[in-house]
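The values are calculated or read from the model by the stated rules, or taken from the named source; none is laboratory data. Keep in mind that what you see is a predicted model, and the values were worked out from it rather than measured. Cβ coordinates were reconstructed from backbone atoms using ideal geometry, including for glycine residues, and neighbour counts include every protein chain displayed.
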Amino acid sequence: HQLLAGQVAGAVVDARAYAGERARAEALAELDRAKTTFFANVSHELRTPLTLLLAPISDALDEAGDQLPPAAHDQLVLALRNGQRLQRLVNDLLEFVSIEAGRTAAVRVATDLAADTAELAGVLRAAAERAGLTLTVDCPPLPRPVAVDPRMWEKVVLNLVANAVKYTFVGGITVRLAAVDDGVELTVSDTGVGIPAEELPALFDRFHRVTDSPARSREGTGLGLALVRELVDLHGGTVGVRSTPGAGSTFTVRLPWGEPDAASAPPSTPAA
Ligand code: ADP
């Protein structure tokens, strides 16, 4: 009897703990939804006034910039640059929120991902070289096309390579794309500041930035990697990171070959 009573009591405790956990998870999910809605509304409200604020500054610089006293000109350039930074943050937030809300679905198109990735990485070559870094791109042709949403893949590659440039002070960045068992693997390696092990678990969480790191001085929102994870998720892929503080980081994205979406596939019979 005593044994049975003990088991029942144990089960009751388990059931309570389970109910408690579930209530907590539901409350957290609710909070997350509220936060997402809040960000969506705020970002949306900020967008129009920001555009209306920046357009005249930009026009004034274009039309009369050279007639302004140098000090006033420099102040306007500064205002424009910081306003554009805010605009990027607002746009990132809106994009992020719309993906989270499921309004943005990946539209997969059969893509020559090697050529595409090499071209995207090349966009940041000038920035890398200006920072005194080398950029090595190693994307040999793949045996078959990969079904990706090209706009999303662009964001993935540009975010990872831009981070590598941003958080590297000496050495360089290597971008590789290769076929693996059942898809492709992109690796973006750098010889940068690295990331402490305790930061890795939350690294892909939104707004997460590494505190107390040499990277902290660099501008950012902590949204880039969260966006990368969402976009890779939408393609049924995975993203991970390995890093040694002071030596560098390697971000790895794996994507399945995937199937192009019907709507994006070329018609089977040529139109007359
Ligand atoms: P952001 O760069 O805007 O802060 P991200 O989400 O892109 O936001 O990155 C989150 C954090 O991860 C960064 O603040 C930085 O501390 C760290 N991080 C990202 N990429 C690298 C990298 N290649 N090397 C070192 N730290 C990195």
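Figure legend. Inter-residue proximity from the stretch 125-141: first residues closer than 17 Å to Ala115 by Cβ, second residues of a type outside the set (Asp, Glu) and assigned to a helix (DSSP H, G or I), beta-carbon distance below 6 Å, spacing 6+ or different chains. Indicated pairs: Leu135/Arg125; Leu135/Ala128; Val137/Ala118; Val137/Ala121; Cys139/Ala114; Cys139/Thr117; Cys139/Ala118; Pro141/Ala114.
Ala60 falls short on exactly one of the conditions (1) of a type in the set (Gly, Ala, Ser); (2) under 20 Å from Lys35 (Cα atoms); (3) assigned to a helix (DSSP H, G or I), and that condition is (2). Kindly indicate which of Phe207, Phe251 is surrounded by fewer than 15 Cβ atoms within 10 Å (Cβ to Cβ) and either within 9 Å of the ligand (Cβ to nearest atom) or closer than 28 Å to Val90 by Cα (or both). Within the list Phe207, Phe251, the selection yields Phe207.
When the stretch 118-162 is limited to residues that are charged (D, E, K, R) and over 22 Å from the mean Cα position of the chain (by Cα), the one that is farthest from Val180 (Cα to Cα) turns out to be Arg130.
Of the residues that make up the stretch 132-145, is at least one farther than 30 Å from Ala40 by Cα, among the charged types (D, E, K, R) and either modelled with pLDDT of 95 or more or assigned to a loop (DSSP other than H, G, I, E, B) (or both)? Yes, there is a match, as at least one residue in the stretch 132-145 is farther than 30 Å from Ala40 by Cα, among the charged types (D, E, K, R) and either modelled with pLDDT of 95 or more or assigned to a loop (DSSP other than H, G, I, E, B) (or both).
Residue-by-condition table, conditions (1) part of a helix (DSSP H, G or I); (2) of a type in the set (Gly, Ala, Ser); (3) in contact (Cβ under 8 Å) with a residue 12 or more places away in the chain:
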site: Ala147; (1), (2), (3): no, yes, yes
site: Glu154; (1), (2), (3): yes, no, yes
site: Val157; (1), (2), (3): yes, no, yes
site: Thr174; (1), (2), (3): no, no, yes
site: Val184; (1), (2), (3): no, no, yes
site: Val188; (1), (2), (3): no, no, yes
site: Gly192; (1), (2), (3): no, yes, yes
site: Leu200; (1), (2), (3): yes, no, yes
site: Phe204; (1), (2), (3): no, no, yes
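Picking from residues in the stretch 177-199 that are aliphatic (A, V, I, L, M) and near the ligand (Cβ under 10 Å from one of its atoms), the one that is surrounded by the most Cβ atoms within 10 Å (Cβ to Cβ) is Val188.
Residue check, Gly237 against (1) within 10 Å of the ligand (Cβ to nearest atom); (2) at pLDDT 95 or above, all met but one. Which one? Looking at each condition in turn, Gly237 falls short on (1).
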